[in-house]
Amino acid sequence: MNREEKEEEEEMVCLDESFFINDNYQLTTFTFGSQVIELLCLHSSSTDFDLTGQLVWPGAMLLNDYLAKNAEMLRGCSIIELGSGVGVTGILCSRFCRQLLLTDHNDEILKKNIELCVSSENPNCCAELAAKKLEWGNSDHIDQILQRYSGGFDLILGADIYILIAFLLSFSRKIAICFKKLACSTQSSIPFLFDTVEHLLHVRGGQCKFILAYISRAKTIDSLIMKLAAEHGMRMVEVTGTRSVVANLEGVIFEVTLQ
């Protein structure tokens with residue numbers, strides 16, 4: 001181990017899971033077109049301690065605006081969302097689609113918001129709505145999902161699901177040292193994301209597509225996403241008219257299908 005590695009090792013901080021969880025959720029109202037949604041989430045925009053999908057990210061706002069304007073594409077569909085976070089996109093879709101599965105590594109807040117959505121006092125939720133833990137590339141998790149949803153899904157949705165990597169790349173050196181191992185592990189998970197998407201797309205063949213709300217935060221991630229999509233036999237097409245600025249960042253909607 002060289003001197004620089006020793007210095008980094010001395011500066012490393014061991015963090016338990018509680019570092020990434022803040023359960024100070026607040027009931028928050030969001031409006032997308034004519035749809036008004038109430039759900040629990042964090043209000044702080046700081047991500048120093050909130051890296052597990054407890055905030056509503058700009059990509060979700062971009063995707064929800066797009067879906068609210070194109071709700072007809074959701075009607076009668078079976079949908080799975082990857083990296084659902086607090087569930088704001090899925091809960092919007094539940095107003096229109098037939099069946100919906102929200103997935104994330106941490107499904108605690110998802111289940112709370114589903115309970116809120118399907119309560120007897122809320123008549124707006126019309127879909128069969130459920131949440132499952134899904135770690136990308138975990139064949140056991142995927143198999144369990146496809147046992148329950150053997151026919152696959154019409155649509156796969158994702159918004160800002162690569163955000164942790166891009167965020168870590170923007171850290172100062174001191175903070176980046178603390179997250180060094182996490183960043184490496186997370187970046188290596190992007191191929192597993194595409195493995196999962198490819199698997200789900202193949203269940204329905206050409207009858208399924210992946211709708212990705214992409215927010216550009218790091219050029220290295222932009223290139224990596226495009227490269228991995230091609231390597232997995234996928235075609236990414238920018239949806240005309242969706243490129244916009246969200247929270248001072250450039251965003252766009254892609255439709256991803258098998259080539």
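Placing a pseudo-label 7 Å from each Cα along the Cα-to-Cβ vector at N106 and D140 gives an inter-label distance of 2.2 nm. For M61, the solvent-accessible surface computed with a 1.4 Å probe is close to 60 Å², ligands and nucleic acids excluded.
Full-extension gain between R98 and N124, please, as 0.36 nm times their residue separation minus the C-alpha to C-alpha distance. The R98-N124 span can extend by a further 8.1 nm. Taking region 211-252 and a reference point 7 angstrom along Cα→Cβ of Q259, the backbone N atoms nearer than 18 Å belong to 223-238.
Region 193-215 and region 218-259 have Cα centres separated by 13 Å. The slack between E115 and E38, meaning 0.36 nm per residue of separation minus the straight C-alpha distance, is 26.5 nm. Counting heavy atoms of the protein chains alone, L129 has an accessible area of about 30 Å² for a 1.4 Å probe. Projected label points at V245 and K227, each 7 Å from Cα along the beta carbon direction, are separated by 3.0 nanometres.
Under 5 Å from the amide H of E250 lie the amide H atoms of S216, each residue being 5 or more positions distant or on a separate chain, with H modelled from the backbone and absent for Pro and chain starts. For region 233-240, putting each phi into the Karplus relation 6.51 cos²θ - 1.76 cosθ + 1.60 with θ = phi - 60° gives couplings of x, 10, 10, 9, 10, 5, 7, 4 Hz, in residue order, rounded to whole numbers and with x for Gly and Pro. Quick one: if you stick a label point 7 Å off each Cα along the C-beta vector at T29 and R148, how many nm between them? So the two model labels end up 3.2 nm from each other. Available extension along the chain between V237 and Q207 is 9.2 nm, counting 0.36 nm per residue and deducting the alpha carbon span. Each residue of region 145-159 is assigned a 3J(HN,Hα), and the resulting list reads 5, 6, 5, 7, 10, 5, x, x, 9, 6, 9, 10, 10, x, 9 Hz, derived from the Karplus form 6.51 cos²θ - 1.76 cosθ + 1.60 (θ = phi - 60°), x at Gly and Pro.
The values are calculated or read from the model by the stated rules, or taken from the named source; none is laboratory data. It should be emphasised that the depicted structure is a prediction, and the values quoted were computed from it without experimental measurement. Glycine also receives a Cβ, built like all others from the backbone with ideal geometry; neighbour counts cover every protein chain displayed. With ligands, DNA and RNA removed, areas are computed over all heavy atoms of the protein, side chains included. Shrake-Rupley method; radii C 1.70, N 1.55, O 1.52, S 1.80 Å.
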